[in-house]
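Novice: First the structure, then my questions, so here it is.
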Amino acid sequence: MSPQSQQVSDRNGSARSARPRRYLMCRPTYFEVTYSINPWMDPEKPVATEVAVAQWENLRELYLELGHQVELIDPLPGLPDMVYAANGATVADGKVLGARFRNAERGPEGPAYLDWFRAHGFAELHDPAHVNEGEGDFLVTGSRILAGTGFRSTPAAHAEAQEFFGLPVTGLELTDPYHYHLDTALTVLDGDEIAYWPGAFSPGSRAVLERLFPDAVLVGPQDAAAFGLNAVSDGLHVVLPEAATGFAAQLKERGFEPIGVDLSELLKGGGSVKCCTLELRPAAR
Ligand code: ARG
């Protein structure tokens, strides 16, 4: 199936179309929950690594079926969270901002991901001075970068990103520990069209979102708790956790094609679809 040829119209008659993407993923070969750095992680709860791998393989195959390209980085033993590739860097306009993790357990992932980019022809790289957890907290819209803070990435890292990319970076304060990364509370659907759960943000940040994105899809607490906003859109298909049925219905109303997937094993680490996916955005020509 060719994504270029896929077009549907929403109720207002505007056509949606999928654009082929390039993603970086990391197989959860060494996935387990041995420490807890977010409220989803309970080291007492058993994790079936082979189930995580099978669920992850399904996601990778789905991307390929949708016509996307999937690059792989080798997982490293002792780094169970490396499967959450979204945290490995932020890539916009072909430029790579490396990650610097808040928690020591994930520290070595930053250099490991930067090495992958160096070895794969990315010339413009920046090794960051301030704590930023890649696309966990930096979400690229059509006109700016939305940047989460409160739990992981810092405002100093937001400034560092703005300087490196030359894109306006808008800081947003996260307040709910279950939504410790921005990509657990907000998703970019297409250009400057976004969806978010207001309950994850401080009142000031909520007001900023209302001002900047008056047409945003507002997602309910159940769908947010099901990690529904941890979604990946190609402009038409929106891949999201299957439990987020309310959000899926909202997406259909808007002319998107939601595709629910089961990544329940990876949710035990506090991540889902988007966390496992890092988009490699090419330089604009
Ligand atoms: N266990 C990981 C952590 O707490 C999960 C990361 C999820 N990734 C994401 N992009 N939200 O850091």
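Values in this text are rule-based calculations from the coordinates and carry no lab data. In this text, all values refer to a predicted model and were calculated from it rather than measured experimentally. Note that we place each Cβ from the backbone using ideal geometry, even for glycine, and neighbour counts take in every protein chain shown.
Novice: Roughly how large, in nm² to one decimal, is the mean projection of the convex hull of the alpha-carbon atoms in region 1-146?
Specialist: So the mean shadow area of the Cα hull is 11.0 nm².
Novice: For a quick protection proxy, order the peptides 250-261, 170-181, 121-132, 219-230 by their average other-Cβ count within 10 Å, most packed first.
Specialist: With the highest mean Cβ count within 10 Å placed first, the list reads 219-230, 170-181, 250-261, 121-132.
Novice: Would you please give the FRET efficiency between residue 120 and residue 48, computed as 1/(1 + (r/R0)^6) with r the Cβ-Cβ distance and R0 = 25 Å, to the nearest 0.05?
Specialist: 0.20
Novice: Reported to two decimal places, what Rg/Rh ratio describes region 244-285 when computed on Cα atoms with Rh from the Kirkwood expression?
Specialist: Rounded to two decimals, Rg over Rh is 1.10.
Novice: How large is the translational diffusion coefficient of region 69-148 in µm² per second when you combine the Kirkwood radius over alpha carbon pairs with Stokes-Einstein at 37 °C and 0.692 mPa s?
Specialist: The diffusion coefficient I find is 255 µm²/s.
Novice: Report, in debye and to the nearest 20, how large the dipole of region 177-285 comes out about its Cα centre when Lys and Arg carry +1 and Asp and Glu carry -1 on their Cβ.
Specialist: About 260 debye.
Novice: For region 141-285, take the alpha-carbon Rg, divide it by the Kirkwood Rh, and send me Rg/Rh.
Specialist: In region 141-285, Rg relative to Rh is 0.94.
Novice: Which of 252/274; 95/252; 45/274 have a Cα-Cα distance over 30 Å?
Specialist: Violating the 30 Å Cα-Cα cut-off are 95/252.
Novice: Evaluate the relative contact order of region 160-285 (contact order divided by residue number), counting alpha-carbon pairs under 8 angstrom at least 6 apart; express in whole percent.
Specialist: 19
Novice: So for the chain, considering every pair of alpha-carbon atoms, how many percent are separated by more than 35 Å?
Specialist: 9
Novice: Kirkwood hydrodynamic radius (Cα pairs, Å) of region 48-102?
Specialist: Final number for the Kirkwood radius of region 48-102 is 13.2 Å.
Novice: Moving on. Beta carbons within 10 angstrom, averaged per residue: use that to sort the peptides 96-102, 74-80, highest first.
Specialist: The packing order, highest mean first, is 96-102, 74-80.
Novice: I'd like to compare 19-25, 36-42: which one has the highest average count of other Cβ atoms within 10 Å, and what's the full order after that?
Specialist: Those peptides, ordered most packed to least, come out 19-25, 36-42.
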